[in-house]
Amino acid sequence: MNSPFFFVAVVAGLGLAGLLFWALRGASQRKGHEHGLGALDKAPRDLNNMPQIRQSMDPADFEFARAKGGRHLETRLRRERRNVALLYLAAIRRDFEQSLRVARVIAVLSPEVSGSHEYERIRLAMIFRWRFQMTKARLLIGIFPQLQLLTVWQMAASMAMQMEETMAKLGERAALAAELALQSEK
């Protein structure tokens, strides 16, 4: 057995084990979440604070803190703002996951949802989770990834807007169906 093949096999095995661990960990964390129509009760709420988060990561703020208060103040400010950014990133993830739960409920309620829609939702969720983890890793090592944070925020905001539009369409269809049912009874 040659060593490149062995190396690729080991890396692939470790990758699969990591994915399995990640999937099982995510499933155990989601056990407490509501399912069904209860998922519709909580709308995404943390997506409106992005301008303030971007401002808090502005390098000019850190330079000003260093100039006025020294290195210690700058270090403390970076640490506190990194913690705020991590909390905000976690809130974005909660909102995205809530939008995914709403999408699952809509998929059950809507006969028009096809396998390609479900595949697209799964693909989008995987991309979001990858970008979320990469952004979180950068924040944890002290890099303020404004562009990556903005991208994660945009994905969550886009998903929330799509769910709102789809819910409005379903509501219109339900109202139309109820109206037609009432007219047919007359």
Return the pairs, sorted by first residue and then second, in which the second residue is at pLDDT 85 or above and not in a helix (DSSP H, G or I), the first residue lies in segment 139-155 and is farther than 15 Å from Leu87 by Cα and open to solvent by 40 Å² or more (accessible area, probe 1.4 Å), the beta carbons are less than 9 Å apart, and the residues are 6+ apart or on different chains.
none
Can you find a residue that is modelled with pLDDT under 65, part of a helix (DSSP H, G or I) and over 18 Å from the mean Cα position of the chain (by Cα) anywhere in segment 61-81?
no
Any chance you could count how many residues in segment 62-96 are without any contact (Cβ under 8 Å) to a residue 60 or more places away in the chain, open to solvent by 20 Å² or more (accessible area, probe 1.4 Å) and within 30 Å of Met167 (Cβ to Cβ)?
3
Conditions: (1) at pLDDT 85 or above; (2) open to solvent by less than 40 Å² (accessible area, probe 1.4 Å); (3) over 25 Å from Thr135 (Cβ atoms). Ala107 meets all but one. Number of the miss?
(1)
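The values are calculated or read from the model by the stated rules, or taken from the named source; none is laboratory data. Source: prediction; values computed, not measured. Cβ sites come from the backbone with ideal geometry, for glycine too, and all protein chains shown count toward neighbours. Please note that ligands, DNA and RNA were not included when accessible areas were found on the heavy atoms of the full protein model with its side chains. Shrake-Rupley method; radii C 1.70, N 1.55, O 1.52, S 1.80 Å.
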